[in-house]
Amino acid sequence: MLKTTKYLAFAIVVFFACSPPEVEKEPKVGPIVDNAMVVSAMEEASAIGVQIMEKGGNAFDAMMATEMALAVCYPFAGNLGGGGFMVYRMADGTIGSLDYREKAPGAADRDMYLDEEGNIIPGLSTKGALASGIPGTVAGVFEAQARFGKLDPKEIFEPVIALAEKGWAVRKRQADSFERLKQTFIEVNGPNTFYSTAYPEGEILKMPILAETLKRIAENGRDEFYKGQTAEMLVSHMDSIGGIFTMEDLENYEAVWRDPIVFNYNGHKVISMAPPSSGGVTIGQILQMMEPYSVGEMEYHSAEHIQLMVEAERRAYADRNFYLGDPDFVDIPIEQLLDEAYLKDRMSTFTPNKATKSEDIAKGEVMYAESMETTHYSIVDADGNAVAVTTTLNGAYGSKVFIDDLGFFMNNEMDDFSSKAGEPNMFGLIGAEANSIQPGKRMLSSMTPTIVEKDGKLKMVVGTPGGSTIITSVAQAISNVVDFGMGMHEAVESPRFHHQWLPDRVIFEPGAFDSTLIQTMQSNGYIISEEYSRIIGYVDAILVLPNGKLEGGADPRGNDAAIGF
Ligand code: GLY
C-alpha cells in the first residue's frame with residue numbers, strides 16, 4: 001500500500017522552496033498509484049477503505065468502511081448521527097446516486113424555531129435536542145453496500161471496530177476544537193459527558209462505547225439503528241433532553257436512489273447530486289454560464305477569470321435559494337434551470353469589469369445553509385468503479401448532543417431548512433418556501449459529490465466540505481482540471497474564492513491572492529472579504545491520468561490523506 005499524505009506535498013514544497021525560481025513553477029503532484037485509491041479527511045479512514053479493497057472489496061465496500069471509520073476518528077463531521085449523498089459511476093459507465101440525507105421528524109413544524117412574534121429563536125435549530133433530523137448514514141452505507149458491494153458487512157466493520165477499540169492519535173486541530181467546545185459539550189450533555197475532557201494532541205483516543213454500537217450494527221445490520229436496541233436508546237435519549245424523535249420516525253427512514261444531475265462542460269460529462277442537494281444543479285448552472293466565455297484562454301486567477309466565475313455564482317445562488325428543496329415535496333424546474341438558453345439569458349446582464357449588484361439579481365424567470373463541518377471522500381477501486389461521497393453532521397459536532405450511551409454526536413441539520421423565508425441561516429444563505437420545514441421532508445443541502453468523465457471514460461472524482469462554499473469549490477476544482485489542465489493536487493491546492501449572491505461579497509482565501517488583483521476587482525465594484533474564513537473547504541479528489549494511473553488530491557489545508565495501491 002502506498003501511504004502518502006499531505007506530507008509528500010509538504011516535502012515537495014520544501015524541496016522547491018530551496019530550488020531555483022524556474023523549478024518553483026513546476027506543478028505539485030499528488031500521490032500516484034496504479035489500481036485503487038481512497039482520499040478522505042483522515043489517514044486512518046483512507047487506510048481502512050484501502051485495506052477493504054485489498055481484501056477483495058470494491059468501491060462500495062470501501063465506502064462503508066471509510067464512512068464508518070470517519071464516524072470513529074473524525075467526530076467533527078464523520079458520523080452515525082448525520083446523513084449524506086453518494087454519486088457513483090461503475091466501470092461500465094452506469095451512473096447513479098443515493099440520497100441518505102436526514103429527514104425532519106414527524107412532529108416537526110414549519111414554525112418550530114419561531115417565537116410568538118414570528119422571530120427566529122436563536123440557537124434552537126443549531127444546538128440541542130430540537131436541532132436534529134432523523135439520521136440517514138447507517139441506512140445509506142448499508143443500502144449502497146447491499147446493492148453493489150461484494151463483502152460481508154461484518155468483515156467490513158472489523159477494522160472499524162478495532163479502530164474504535166484501539167483508538168487513534170488526536171490531531172492538533174481536533175485537540176484545539178475539543179478545548180474550544182468543551183464548555184458547550186458540558187452545557188449540552190452534562191459534566192460527565194465523554195467530551196467534558198479536552199483530549200490533547202497525540203492522545204490515543206479510544207471509543208469503547210461506540211465500538212459496542214458498531215458491533216451491534218455489524219451483527220444486526222441497518223435495522224439495529226432504525227428498529228433495534230440502538231434505535232430505542234437513541235429515541236429514549238432524545239426524549240430525555242426534550243427532543244421529538246419517535247421510533248416511528250426511525251422505522252420510516254429510507255435512503256432513496258435518485259437520478260443524478262448530468263450536464264456537459266467543455267467536452268466533459270459531469271455527474272453530480274440531484275435535489276435535495278442543490279450541488280448538482282448549481283455547479284451545472286455556474287459552469288454552463290461560464291462555458292461560452294472560453295475560460296481556458298483567460299489568465300488563471302486574473303480579474304477577468306474570477307469576475308466571470310463570481311457573476312455566474314451570483315446568478316446561480318439566487319436561483320438555488322428560491323427554487324430548490326426536497327423533490328419529494330416541491331416541484332423543481334431542473335430542466336429549465338439547466339437550459340442553455342435560460343443560462344445565456346441569465347448572463348445577459350453580465351458586463352466584464354463591472355460588478356452586477358446582487359440586489360439587481362432576483363431569481364430567474366423560469367416557470368438556503370451549510371458549513372465546513374461536513375466531510376467528503378473519493379474512491380476508485382481496481383475495477384474502475386468510482387464513488388464520491390459527502391457526509392455531514394452540519395455544524396462542527398452537529399447539535400453538540402453526544403449520546404454517551406451510544407458514543408456518537410447528533411446532527412443539527414434542521415438548520416439547513418429555512419426557519420423563516422427570507423432570513424439567513426448560519427451560513428448566511430437565504431431560504432425560501434421550497435425549503436420550508438415539513439414533517440418527513442429533507443432539508444436542502446449544498447453537498448456536491450461529483451464525478452467527471454471524458455470520452456466515455458472516468459476522469460475525476462471530487463467533492464468537499466465547506467457549507468455554502470462546497471459548490472463553488474467543486475466548480476473551481478473541475479474548471480482547474482478541465483480548463484487549465486492542472487493535475488489533481490495542483491487543482492485542489494490552488495487558492496479559492498467564493499460568492500453566494502447574498503451577502504454581496506467575494507470571499508477570498510486569506511493572503512492567497514495578489515493585492516493588484518484585489519484592487520482591480522474593488523475598482524470594478526466588487527466587495528472583497530479576505531478575512532479568515534473557515535468555509536473554504538478541504539477538497540478530496542482523484543484524477544485518472546492519461547496512462548490510467550490515479551493521482552490523489554488530498555487537500556493540504558486539512559489532515560487529509562490519499563492512500564492507494
Ligand atoms: N449541512 C451541509 C450541507 O448539507 O450542505
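The values are calculated or read from the model by the stated rules, or taken from the named source; none is laboratory data. Just so you know, these numbers come straight off a predicted model, no measurement behind them. Don't worry about glycine lacking a Cβ; one is built from the backbone with ideal geometry, like all the others, and counts go over all protein chains shown. Side chains included, ligands, DNA and RNA excluded: accessible areas come from the protein's heavy atoms. Shrake-Rupley method; radii C 1.70, N 1.55, O 1.52, S 1.80 Å.
Residue by residue, here is whether (1) over 18 Å from the mean Cα position of the chain (by Cα); (2) assigned to a strand (DSSP E or B); (3) modelled with pLDDT under 95 holds:
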{"site": "E67", "(1), (2), (3)": "no, no, no"}
{"site": "A71", "(1), (2), (3)": "no, no, no"}
{"site": "P75", "(1), (2), (3)": "no, no, no"}
{"site": "G78", "(1), (2), (3)": "no, no, no"}
{"site": "G84", "(1), (2), (3)": "no, yes, no"}
{"site": "D92", "(1), (2), (3)": "yes, no, no"}
{"site": "G96", "(1), (2), (3)": "no, yes, no"}
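From the residues in the range 179-213 that are of a type in the set (S, T, Y) and farther than 17 Å from C73 by Cα, which one is surrounded by the most Cβ atoms within 10 Å (Cβ to Cβ)?
The initial filter retains those residues of the range 179-213 that are of a type in the set (S, T, Y), namely 184, 193, 195-197, 199, 213.
Subset that is farther than 17 Å from C73 by Cα: 184, 193, 196.
On the way: T184: 14, T193: 18, S196: 16.
Here the residue is T193.
Just to be sure before I move on: is R216 part of a helix (DSSP H, G or I) and open to solvent by 60 Å² or more (accessible area, probe 1.4 Å) in the structure I sent? Before the answer, list the steps.
Values: part of a helix (DSSP H, G or I): yes; open to solvent by 60 Å² or more (accessible area, probe 1.4 Å): no.
Considered against the rule, which asks whether it is part of a helix (DSSP H, G or I) and open to solvent by 60 Å² or more (accessible area, probe 1.4 Å), R216 comes out as no.
Is one or more of the residues making up the range 116-127 crowded, with 24+ Cβ neighbours inside 10 Å and touching a Gly at 6+ places or on another chain (Cβ under 7 Å)?
Filtering the range 116-127 down to residues crowded, with 24+ Cβ neighbours inside 10 Å leaves 125.
So of that shortlist, the ones also touching a Gly at 6+ places or on another chain (Cβ under 7 Å) come out as none.
No, that holds for no residue.
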Next item on the list: Confirm whether A475 is farther than 20 Å from P31 by Cβ, within 16 Å of the ligand (Cβ to nearest atom) and open to solvent by less than 10 Å² (accessible area, probe 1.4 Å).
Entry: yes
Item checked: Residue under evaluation I271, criteria (1) out of contact with any Pro (no Cβ under 6 Å at 6 or more places or on another chain); (2) over 30 Å from P105 (Cβ atoms); (3) open to solvent by less than 10 Å² (accessible area, probe 1.4 Å); (4) among the β-branched types (V, I, T), criterion not met -> (1)
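Kindly state which helices (runs of 4 or more DSSP H) lie completely within the range 247-332 and contain at least 3 residues that are modelled with pLDDT under 95.
Details: elements: 247-252, 279-290, 303-323.
Correct list: 303-323.
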Next item on the list: Exactly one condition in (1) modelled with pLDDT of 95 or more; (2) within 19 Å of the chain's Cα centre (by Cα); (3) open to solvent by 20 Å² or more (accessible area, probe 1.4 Å); (4) not polar (S, T, N, Q) is not met by M488; state its number.
Entry: (3)
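Among the residues of the range 550-564, are any open to solvent by less than 30 Å² (accessible area, probe 1.4 Å), of a type in the set (S, T, N, Q) and in contact with a helix residue (DSSP H, G or I) (Cβ under 7 Å, 6 or more places away or on another chain)?
Applying the first criterion (open to solvent by less than 30 Å² (accessible area, probe 1.4 Å)) to the range 550-564 yields 550-555, 558, 560-564.
From what is left, the residues that are of a type in the set (S, T, N, Q) are none.
Within the range 550-564, not a single residue is open to solvent by less than 30 Å² (accessible area, probe 1.4 Å), of a type in the set (S, T, N, Q) and in contact with a helix residue (DSSP H, G or I) (Cβ under 7 Å, 6 or more places away or on another chain).
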Margin query: For the range 451-469, give me each residue that is away from the ligand (no atom under 14 Å from the Cβ) and in contact with a strand residue (DSSP E or B) (Cβ under 6 Å, 6 or more places away or on another chain).
Written below: I451, V452, E453, K454, L458, K459, M460, V461, V462
Note to self: Which condition from (1) of a type in the set (D, E); (2) within 11 Å of the ligand (Cβ to nearest atom); (3) modelled with pLDDT under 95 is the one that E413 breaks?
What the structure shows: (3)
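One line per residue, one yes/no per condition, for (1) modelled with pLDDT of 80 or more; (2) farther than 30 Å from Y88 by Cα; (3) away from the ligand (no atom under 16 Å from the Cβ); (4) not aromatic (F, W, Y):
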position	(1), (2), (3), (4)
E359	no, yes, yes, yes
E373	no, no, no, yes
V389	yes, no, no, yes
N435	yes, no, no, yes
Next item on the list: Go over the candidates G431, G467, G364 one by one and state the one that is in contact with a Lys or Arg (Cβ under 6 Å, 6 or more places away or on another chain), open to solvent by less than 10 Å² (accessible area, probe 1.4 Å) and modelled with pLDDT under 95.
Entry: G364
